[in-house]
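Here is the structure we will look at, set down as structure tokens.
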There are 2 protein chains.
Amino acid sequence: MAAPTTTEAQRHEPAETGGLDQRRVADIVHALDAGERELAAALTSPLHPADIADLFEQIERHHRAPLARALGNRLDADVLAEMTDWVRDEVLEALDNARVAEVVGDLDTDDAVALVEELDAADAEDVLARIDPADRIAIEEALAYPEESAGRIMRRDPVAAPEHWTVGQLLDLVRTEDGLTQDFWEVFVVDPSHHPIGTARLSWLMRAPLGVTLGDVMQREQTLIPAEMDQEEVAFRFQQYALISAAVVDKGGRLVGVITVDDIVHIVQQEASEDILRLSGAGDEGDVNEPVTEAYKARIRWLIANLVTALVASTVIRLFEDAIAQMVVLATLMPIVAGVGGNAGTQTLAVTVRALATRQLSRANAARAVVREIRIAVLNGLTIATVIGIGVTLAFGDPRLGAVIAAAMLTNIIVAGLAGVLVPLGLERAGADPAVASSVFVTMITDSIGFLAFLGLATASGLVGGPA
Amino acid sequence: MAAPTTTEAQRHEPAETGGLDQRRVADIVHALDAGERELAAALTSPLHPADIADLFEQIERHHRAPLARALGNRLDADVLAEMTDWVRDEVLEALDNARVAEVVGDLDTDDAVALVEELDAADAEDVLARIDPADRIAIEEALAYPEESAGRIMRRDPVAAPEHWTVGQLLDLVRTEDGLTQDFWEVFVVDPSHHPIGTARLSWLMRAPLGVTLGDVMQREQTLIPAEMDQEEVAFRFQQYALISAAVVDKGGRLVGVITVDDIVHIVQQEASEDILRLSGAGDEGDVNEPVTEAYKARIRWLIANLVTALVASTVIRLFEDAIAQMVVLATLMPIVAGVGGNAGTQTLAVTVRALATRQLSRANAARAVVREIRIAVLNGLTIATVIGIGVTLAFGDPRLGAVIAAAMLTNIIVAGLAGVLVPLGLERAGADPAVASSVFVTMITDSIGFLAFLGLATASGLVGGPA
């Protein structure tokens, strides 16, 4: 792959701060509407490729193909690499395979792979057939690794050297070797069979006397990334050990690639977005550019699941229809018990899911986390129960009704705290993603227990007659 | 500040993959319980500082002080820098100020600042008085910048050189200058008044002929970070332009520091966590090590707010007490309408808040996002309305009741979609954090409209008599 793309990208970088303002977006859209392609292209010329990618995301769908045509060759690899998947899909469809192949040929392997894996099988094959065989083989090898694995996100051009080389020898080679990548941050020191045995940051090499060997400059302990490792795990390693780049090794432990931290920042952002979206039942790719039908498919599943759990709660209420008929005020108060309980459950759930994602929570401290949530729930429950108990007593002049709602609220908030921590822990232990289905379960529990506790206590306390 | 701390940290790094397994945690706890300090210390010896920090987080509170004592001087700057705030607070309290001052003196300015800003005022003053004056002044200057600003997270030792220098001159200086930091990734090229005019990555310098000037190697366009810029904005720049490090400038545009991407990864993670926690009403620092009383204070506010909004929904139901008394089944079905609507609102809310946080959503495309959410809501609403309408008709043998719940459900899901996108957009435009209060508003709207639409349509359709 052509090494200078990153440098190329930075040449467009705005001299000072970020480049895309709303005024410019409006002007470009106006030019496109007026059919003034050259003006539209001129207006994009000061923009960084990442900002041009943002521009595509911000404009209406029907403006995207005209903008792509207006940009011509400026719609290049760097711009496409920065687009979100949905928008890139659209733009790629507007380009013919010959142009896509040109773009792919200009990208680093990791970006090229990200682009090719989005094409449908026929287009991918056609595009791969059009590019340079060396690039094609590199991309095909990367595609052989699992999705979202280190093998897909690595670059395949790590700078490596043997341990016995001196710093001077390495610097000479780096200065004269044409095929070397432009942008690298560390040199990996390898043994004769290409196993990494240490890492040297460029700043260490620059500060070392020219005569010492790499073996004396390098740091022997290093974080090696197996090519099959999931990208979320890779991101954790980078965060934990504050890595800038890391060696990727194959099953035999041989150096096959390098991952740099700029890709990790995107992955951290993406994994965090997935957690938020999954917790809310909005799928995991929900962004404002996801096509309506895709968003519908992702969301309706969870709404149907929510409908089913709401029916469970509804069934609980039906058990107490006679009680409600005798005392309709119960029907007006019961959603309060369920609602505040649901909110308490959501709070606990968010803290737990996030702690699992950031590895703060593990088997070692799970029991402590549960105890902690119970203690918080008791405090919250006592506070809310006191407020609502006194409020209802005063509003309805009925201390027994106040006591019933207070007891039900306390019960439900404690149940919510337990469910909010135990459900995600249980899903995690069962090997499932704790963010995915937790909130449906927790809501079902807090709704059902809320209604059951309130209506059940109202009946049991003799406030109203028994169930039908 | 002592430059070699990072190198120091990496020397402990595990030879292969991440070091802290549950077995080791259990063994260390066991050793602490048995009072075997030396064994406990020995068991931590293969661990990376980041893993020792995790160890402190995972064990019970009452084990933390004994572990700190067992570690002695191994509880150093690198370990403390990696701890979450809550646990670090606890550990710092267990250390005397003299030891804290030693630790602070070993840290880079950015980490030292993060540590000192957590101490209470008297301890901070005492600690600062004990450290080297040069370090103290650097820390005090950093503390003069706003919290969460670039000035707080920058390191103050950027490597800078004038434009007319040759690559050879620079390499000679770097090799011989003792005071230079060990770890840097780019050299900032400055004019005589210390304004950055370009950046050169170390790999470009290593590949350039020794005789060319820095002016010819550097890239002139660069992303400069004003020292007052909020860290969230800084993180956005790093992501957008795939930066590894960036120059920080004062109000006069002079180079005062450097921010590196490893700190940005933490900020991205932290900001994403804040979004999740705020959306759920769990405060923004909720982690499993937050003390119970702090967690209580953060959460009870939102539960009280939720209680108030639940009372609004309850008031809506009270308008229809007579209708419920006539037809109790309405009370059993109404939570379904409110609940599924609430879930639809939460989905839209999560997508919108995340799109705002990642800058996918702006004024330019806000109208399109609203239209998109309406279209999704109509599809979701029609689907759920059909399912529940047919279900209720069959279950109760009452097509009019089926039609009423279907119409109410469609209405509420569309309202939920609108509220889920308009509430966070409105908060953002008003200058508030859209993640903070959105879900309370949206829940209030979906609950109230859910009850109003269902009970109101039941009354208006003549299914039951009018309101009291």
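Here is how far apart the B:Glu141 label points are across copies: 4.8 nm, shortest first, using a point 7 Å from Cα toward Cβ. Close amide H contacts of A:Gly257 (hydrogens built in the peptide plane, cut-off under 5 Å, sequence separation of 5 or more or a different chain): A:Val248. Among B:107-118, B:437-448, A:31-42, B:84-95, the peptide with the highest mean count of other Cβ atoms within 10 Å heads the list, and the full ranking is B:437-448, B:107-118, B:84-95, A:31-42. A Förster radius of 25 Å, combined with the Cβ-Cβ distance separating B:Thr386 from A:Glu60, puts the computed FRET efficiency at roughly 0.20. If R0 equals 45 Å, the separation of the Cβ atoms of B:Asn73 and A:Asp250 corresponds to a calculated FRET efficiency of about 0.65. For chain A, the residue among A:Val292, A:Ile324, A:Ala282 whose Cα projects farthest onto the positive side of the dipole built from Cβ charges is A:Ile324.
Going by a ≥ b ≥ c, the root eigenvalues of the Cα gyration tensor, does the stretch A:200-353 fall in the rounded group (a/c under 1.5), the prolate group (a/b larger than b/c) or the oblate group? Prolate shape, in that a/c is at least 1.5 and a/b is the bigger ratio.
Let me confirm one metric for peptide B:52-59, namely the mean number of other chain beta-carbon atoms within 10 Å of its residues' beta-carbons.
Values: counts 0, 1, 5, 1, 0, 7, 9, 3.
Per residue, the average neighbour count from other chains is 3.
Note down the magnitude of the dipole of the protein assembly as shown about its Cα centre, charges +1 on Lys and Arg C-beta and -1 on Asp and Glu C-beta and zero elsewhere, to the nearest 20 debye.
3600
About its Cα centre, the dipole of chain B is roughly 2820 debye, where the only charges are +1 on Lys and Arg Cβ and -1 on Asp and Glu Cβ.
Neighbour counts of other Cβ atoms within 10 Å put B:Arg74, B:Arg207 in the fewest-to-most order B:Arg74, B:Arg207.
How much of the DSSP beta bridge set in the protein assembly as shown is antiparallel, as a percent to the nearest 5? Working shown, then result.
On the way: 28 of 38 bridges.
Antiparallel: roughly 75 percent of the beta bridges in the protein assembly as shown.
Rounded if a/c is under 1.5, else prolate if a/b is larger than b/c, else oblate: which is the stretch A:49-101, with a ≥ b ≥ c the root eigenvalues of its Cα gyration tensor? It comes out rounded by the Cα gyration axes.
Quick check for me: using +1 on Lys/Arg Cβ and -1 on Asp/Glu Cβ, what's the dipole size of the stretch B:90-172 about its Cα centre, in debye to the nearest 20? Could the numbers behind the result be given before it?
Numbers: 6 positive and 23 negative charges, 78 e Å.
I would put it at about 380 debye.
Each residue, B:Asp33 and A:Ile304, gets one label point 7 Å from its Cα in the Cβ direction; the gap between the two is 4.9 nm.
What are the GluC sites (Glu not before Pro) within the stretch B:129-180 that DSSP puts in a loop, where the Cβ has at most 13 other Cβ atoms within 10 Å?
Passing both the DSSP loop test and the Cβ count: B:Glu147, B:Glu177.
Can you grab the distance from the C-alpha centre of the stretch A:288-316 to the C-alpha centre of the stretch A:29-94, Å, no decimals? So the two Cα centres are separated by 34 Å.
Rounded to whole numbers, the Karplus 3J(HN,Hα) couplings from phi for the stretch B:321-328 are 4, 5, 4, 5, 4, 6, 8, 5 Hz, using 6.51 cos²θ - 1.76 cosθ + 1.60 with θ = phi - 60°, and x at Gly and Pro. Ranking A:Ala419, A:Ala460, A:Gln360 by how far each Cα lies toward the positive end of the dipole of the stretch A:345-468 (charges on Cβ) leaves A:Gln360 at the top. Among B:Tyr241, A:Tyr296, the ranking by other beta carbons within 10 Å of each residue's beta carbon, starting with the fewest, stands as A:Tyr296, B:Tyr241.
Per residue of B:357-363, count partner chain C-beta atoms within 10 Å of its C-beta, then hand back the mean as an integer. Mind showing how you got there, number by number?
Values: counts 4, 7, 5, 8, 5, 8, 4.
For peptide B:357-363, the averaged partner shielding equals 6.
Tell me, A:Ile153, B:Ile376, B:Ile414 in order of fewest to most beta-carbon neighbours within 10 Å?
Details: A:Ile153 26, B:Ile376 30, B:Ile414 21.
Exposure proxy ranking, most exposed first: B:Ile414, A:Ile153, B:Ile376.
Using a 7 Å offset from the Cα along the Cα-to-Cβ direction at both B:Asp216 and A:Asp21, what is the distance between the two label points in nm, to one decimal? It works out to 3.8 nm between the two label points. Computed from backbone phi with θ = phi - 60° and the Karplus coefficients 6.51, -1.76 and 1.60, the 3J(HN,Hα) list for the stretch A:155-161 is 8, 9, 10, x, 8, 10, 8 Hz; x is used for glycine and proline. By the gyration tensor of its Cα atoms, with a ≥ b ≥ c the square roots of the eigenvalues, what is the shape of the stretch A:267-391: rounded for a/c under 1.5, prolate for a/b over b/c, or oblate? The shape class here is oblate.
Angle of helix B:231-240 to the longest C-alpha principal axis of chain B, folded into 0 to 90 degrees and rounded to 10: 90°.
Comment: the Cα-to-Cβ extended label point of A:Arg175, at 7 Å, lies 0.9 nm from its counterparts in the other copies, nearest first. Helix A:261-279 axis versus longest C-alpha principal axis of chain A: approximately 20°, rounded to the nearest ten.
Of the residues B:Thr348, B:Gln269, B:Ala53, the one whose Cα sits farthest towards the positive end of the charge dipole of chain B is B:Thr348 (charges of +1 on Lys and Arg Cβ, -1 on Asp and Glu Cβ, taken about the Cα centre). Relative to the longest principal axis of the Cα atoms of chain B, helix B:85-94 runs at roughly 50 degrees.
Determine, from the Cβ-Cβ distance of B:Ile137 and A:Glu232 and an R0 of 41 Å, the FRET efficiency 1/(1 + (r/R0)^6), rounded to the nearest 0.05.
For R0 = 41 Å, the calculated efficiency reads 0.50.
No lab work stands behind these numbers, since they all come straight from the coordinates. As the structure is a prediction and not an experimental result, all values here were calculated from the model. Note: ideal-geometry Cβ built from the backbone for every residue, glycine included; neighbour counts use all protein chains shown.
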